[in-house]
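K.L.:
Have a look at this one before I ask anything.
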Amino acid sequence: MEKLDWPSMAEEISITEEDYATLLFREVQQFRQPWIWIVLTGTSLTALWAAVSPFFFDSDWQNHWVLHIILILFGLIFGIGLPWVFYVTKLITEIRSDGLVISFYPLLFSQIKIPFKNIQSCEPIQYKPLREYGGWGVRLGAKGTAYNVSGDRGVQIELINGSKILIGSGNSESLSSAINLIIGKKSNG
């Protein structure tokens, strides 16, 4: 496997790569907050209405066909595409016998694998997603890189090179305990 510069101390692995490591912990999170779906529904309906309304209210729509094509594309992208992306996006965090693996489908095209030997420390934290990282998703902030989809709890990981990674988690205590258990074993063994 080839080493990546970003995130430091991580290895890129293909989604289709055979991996015979033992799975010890797995958490799958999705964008399912009601407020997101209310905003997306409003945006989606508005975009779809903008795409089809000229056909009902513009008697001279044949002369404005370029505008209508643009509106139809706008409707497809924001009315169907954007909600679909939010629906299928998954943050998958796995602790395997050979390292911590983060997958953010379809936003990241490959998984990020952090070998346990590269983890200095880890602790469960409560954070402010908007203030500290600018929201949810894959975010770069002053405090490092964040991978999160909801909530304000996660696990802050510090790598041996000093860089930090935040992984949002609904089970931050369990995730942190599992990582600390393994890195404790690795350092003692």
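K.L.:
Run the accessible area of the stretch 92-144 with a 1.4 Å probe and give the carbon-and-sulfur part as a rounded percent. Provide the component values of the computation, followed by the final result.
P.N.:
On the way: 1320 of 2510 Å².
Looking at the stretch 92-144 in its full context, I get 53 percent from C and S.
K.L.:
Still on this structure, please answer the following. Over the heavy atoms of L73, what accessible area does a 1.4 Å probe trace out, to the nearest 10 Å²?
P.N.:
90 Å²
K.L.:
Still on this structure, please answer the following. What accessible area, in Å² to the nearest ten, does a 1.4 Å probe give for T41?
P.N.:
Solvent-accessible area, nearest 10 Å²: 70 Å².
K.L.:
Hey, another quick one. L45 to L24: FRET efficiency via 1/(1 + (r/R0)^6), r the Cβ-Cβ distance, R0 35 Å, to the nearest 0.05? Walk me through the intermediate numbers first.
P.N.:
On the way: r = 43 Å, r/R0 = 1.24.
Computed FRET efficiency for L45 and L24 comes out at 0.20.
K.L.:
Determine how large the accessible area of E173 is when every protein chain is in place; take a 1.4 Å probe and give Å² rounded to the nearest 10.
P.N.:
120 Å²
The values are calculated or read from the model by the stated rules, or taken from the named source; none is laboratory data. Note that this is a predicted model, so its numbers are computed, not measured. Virtual Cβ from ideal backbone geometry, glycine too; neighbours counted across all protein chains shown. Heavy atoms of the whole protein, side chains included, go into the accessibility calculation; ligands, DNA and RNA do not. Shrake-Rupley method; radii C 1.70, N 1.55, O 1.52, S 1.80 Å.
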